[in-house]
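Below is one structure, written out as structure tokens, with a few remarks after it.
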Amino acid sequence: MIVIMQPGASEAQIDHVIERIGQLGLTPHVSKGQFRTVIGAVGDKQPAHQHILESLEGVDRVVPIMRPFKLASREFHADNSVVNVCGVPIGGPGLTIIAGPCAVEDEPMLRRIATACKARGAVILRGGAYKPRTSPYDFQGLGQDGLKILRQVGDELRMPIVSEVLSAGEVELVGKYVDMFQVGARNMQNFYLLKEVGDTGKPVLLKRGMAASIRELLMSAEYILARGNRNVVLCERGIKTFETEVRFTLDVSCVPVAKHESHLPIIVDPSHAAGKRHLVGPLALAGIAAGADGVIVEVHDRPEEALCDGPQALLPDMLGELADQIAKVGAALGRSMVK
């Protein structure tokens, strides 16, 4: 349930409500809006304590949250959330481009591609150090060495970095290097991992599972939010359907549905959905037109030499063209590019 404070409620009254929620065995989560404060009270005994909280000074009303995802819902937080990744916003009026190679292969390669991405509109650098591959014989990433390279290049270019973490046991190690964790599609319901990244407080890019519903995506986000970490960005990356012409079907409807149900920002990943570079641009623009807060795309200047996912990687000039097109679509929607 949520405790909606009166517009003029004092800090002392708010603190008292938070304290009382804790005493009742519930977990308080505070959301301060422009005009009033809302306090989520999460736990198993919510209905039994509703009348107690309603009697507290400064409380306007107490409302049960009907959605199973409590903290991710707009009932708890009506305004759009903005996640700040080392000064780069995701959400709000801006459109954010995250770009880089599928995997970190070596330092010269990453520096070359990252420099090209930044020059063409990318503001956050992506790159895989640990790669979950379908085949055990495929390139699995450079591990910690890849993280070190990613961190070095990111610092040189003054770009925040995002990279995937595969297990709860690796969160501490990966967290030493990245500015934003990526939880991939295969790990969307790895609840131990979600709790661990939630405990860090660092931004998390949460990708939708290839067979997951939108509600399941939001419930996975809830695991992170419930640990006190509000810095969650959703990502639609395509789901399994009967279509065979693309790797996955980018579910554009996920964007407006998630926007309606949740305050969390959402971006699209057209690279993994398409599997073919000529489809990446159109899918990215469809996501932006549907209301996405940005895109994450794979870029490689020598895709024929890429150790993974070369066919879906944009060439640097293609990224520049896409950034220009995103800017035009965004302008039509009253949004501007994050620079």
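Some observations on this one:
- For the range 124-244, the dipole from Cβ point charges (+1 on Lys and Arg, -1 on Asp and Glu) about the Cα centre works out to 160 debye, to the nearest 20.
- Dividing the Cα radius of gyration of the range 116-171 by 2.2 N^0.38 Å, with N the residue count, gives 1.25.
- In the chain, the longest principal axis of the Cα atoms and the axis of helix 316-332 are about 40 degrees apart.
- Positive dipole terminus of the chain, leading residue within V183, G169, L307 (C-beta point charges): V183
- Computed from Cα positions, the angle between helix 191-200 and the longest principal axis of the chain comes to roughly 80 degrees.
- Relative packing of 162-168, 262-268, which averages over residues the other C-beta atoms within 10 Å, highest first: 262-268, 162-168
- Contour minus Cα-Cα distance for A119 and E156 (0.36 nm per residue): 11.9 nm
- Extension gain for S167-E57 works out to 35.1 nm (0.36 nm per residue, less the C-alpha to C-alpha distance).
- For the range 37-99, a simple Cβ point-charge model (Lys and Arg +1, Asp and Glu -1, everything else neutral) yields a dipole of about 220 debye relative to the Cα centre.
- About the centre of its Cα atoms, the range 83-337 shows a dipole size close to 440 debye [charges on the beta carbon of Lys, Arg (+1) and Asp, Glu (-1) only; nearest 20 debye].
- Rounded tilt (10° steps) of 107-119 against the dominant C-alpha axis of the chain: 70 degrees
- The stretch between K176 and Q34 holds 47.7 nm of extra length on full extension. This uses 0.36 nm per residue minus the Cα-Cα distance.
- For the pair R133 and L24, label points projected 7 Å from Cα toward Cβ lie 5.3 nm apart.
- Estimated from helical segments only, the mean residue ellipticity of the chain at 222 nm is -10500 deg cm²/dmol, where each DSSP H run of four or more residues counts as -39500 (n - 2.57).
- Per-residue Cβ neighbour rank within 10 angstrom, fewest leading, D309, D269, D106: D106, D309, D269
- Convex hull volume of the chain per residue (C-alpha atoms, cubic angstrom): 134 Å³
- Relative packing of 286-294, 249-257, which averages over residues the other C-beta atoms within 10 Å, highest first: 286-294, 249-257
- Relative packing of peptides 190-198, 170-178 - highest average C-beta neighbours within 10 Å first: 190-198, 170-178
- The simple spin-label model puts a point 7 Å past each Cα toward its Cβ; for H278 and L315 those points are separated by 1.3 nm.
- Scattering curve values for the range 2-63, log₁₀ I(q)/I(0), Debye with Cα scatterers, q = 0.20, 0.23 Å⁻¹: -0.64, -0.86
Just so you know, all these numbers are worked out from the coordinates, no wet-lab data involved. The shown structure was predicted, so the numbers you read here are calculated from the model rather than taken from an experiment. Glycine gets a Cβ as well: all are built from the backbone with ideal geometry, and neighbour counts include every protein chain shown.
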